[in-house]
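In what follows, a structure is listed as structure tokens, so that the remarks can point back to it.
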Amino acid sequence: MDFPKEWRDRLHGGIRSIPPGTTGPGRRETRVEGDSGSTVPRRQLGRFLRQHREAAGFTVKGAAHVLECSFQKVWRIEKGAVPVRGTDVRLLCDAYRVVPQMAEALVGLARETRAKGWWQSYGDAVPDWFELYVGLEGAANRIRKWEPSLAPGLLQAHAYMAAVILADRPGLAADDVERRVALRQERQGLLSRRFPAPPRLEVIVWEPVLRARPDHPGAMTQQLAHLLAAGAAAHISVRVLPLALGPHRASVSGAFTILEFPAGDGGKGEPATVYSESLTGALYLDKPRELAVYRGVWADLSDQALTEEESADLIRTIGENDHE
């Protein structure tokens, strides 16, 4: 990649002359204390910045020269350990030659790293095309999903996907539907990837999900077969919460996902995160108290759901009785 001379100089230069904790001669690095809110925005920002740095051929030392700071600060930013200033993100995006649309999204995400609580408002600071959840999903080594309304996205079959997309956006052109289906199928690739190993996926769906019949010929028949095939994989668990159970702890929660991450350097990984989506945004929770509540709800769901074998039998029976 052909960098301007000023960036080449910074990239290849050392940082031995800049003592740790400084941002240049006579200037001290300003540390921003972490906030009490979710760490998800800064973890995601750090992940994206690291990816762009590596794609641009920059070292951590080179990035430190761009910001005129210590390499420890760059390391903390990329690990998501600290809030980040938008001006620093702009400098890094300029150095890495990040396209303007993505750079603006990253700057918007930087603003969210200072928020006490964080709602991702689609189309606001972080646009809807900037799929933060997908990044978390791809980094997780265990995913637990409760789905009371739809088959989970990672296990949706082609026709069912199309039906869900059209239900959300009636009148969407066929080409646009297929494009969205292709993107969702690409996301599902994480379940069949070779390296790193695919995550452990545990799904509990409410029985009415299996009995709903989308207005799309053959969609549900294909979907039920898809769930059966997925559940046969060693790293995927598909279980059903029976309709006869009645109200339960998750009755008022709506769909949610618990993501857990592999241990990193030193044996400590990213904190687990709960994801819950609504019509206007998505909530990310990673405080210990919040995680404890959702883990408790999941434990109750797991205790009351059918076993994998019983669930497969029910799915098979519903499929055999379906005459769409």
Top-ranked residue of segment 214-240 - restricted to ones that are in a loop (DSSP other than H, G, I, E, B) and modelled with pLDDT of 95 or more, ranked as farthest from the chain's Cα centre (by Cα): Ala232
Conditions (1) surrounded by 17 or more Cβ atoms within 10 Å (Cβ to Cβ); (2) farther than 19 Å from Ala255 by Cα; number of the one not met by Gln185: (1)
Filter pass, Arg211 being exposed (fewer than 14 other Cβ atoms within 10 Å of the Cβ) and modelled with pLDDT of 90 or more: yes
Test: residue in segment 249-271 that is basic (Lys, Arg) and under 19 Å from Leu136 (Cα atoms): yes
Odd one out for Arg200, checked against (1) surrounded by fewer than 18 Cβ atoms within 10 Å (Cβ to Cβ); (2) in contact with a helix residue (DSSP H, G or I) (Cβ under 6 Å, 6 or more places away or on another chain); (3) at pLDDT 95 or above: (2)
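Residue-by-condition table, conditions (1) closer than 24 Å to Ile258 by Cα; (2) modelled with pLDDT of 60 or more; (3) small (Gly, Ala, Ser):
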site	(1), (2), (3)
Arg27	no, no, no
Glu33	no, no, no
Arg42	yes, yes, no
Phe48	yes, yes, no
Ala63	no, yes, yes
Counted residues, segment 269-287 - those being of a type in the set (S, T, N, Q) and in a strand (DSSP E or B): 2
Residue check for Val177: over 20 Å from Ala232 (Cα atoms) and either in contact with a Leu (Cβ under 7 Å, 6 or more places away or on another chain) or free of Cβ contacts under 8 Å to residues at least 12 places away in the same chain (or both): yes
In segment 105-149, residue farthest from Ala81 (Cα to Cα) [restricted to those that are among the basic types (Lys, Arg) and modelled with pLDDT of 80 or more]: Lys145
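The values are calculated or read from the model by the stated rules, or taken from the named source; none is laboratory data. Predicted, not measured: the structure shown is a model, and the values here were computed from it. In this analysis, Cβ positions are derived from the backbone assuming ideal geometry, glycine residues included, and neighbour counts consider all displayed protein chains.
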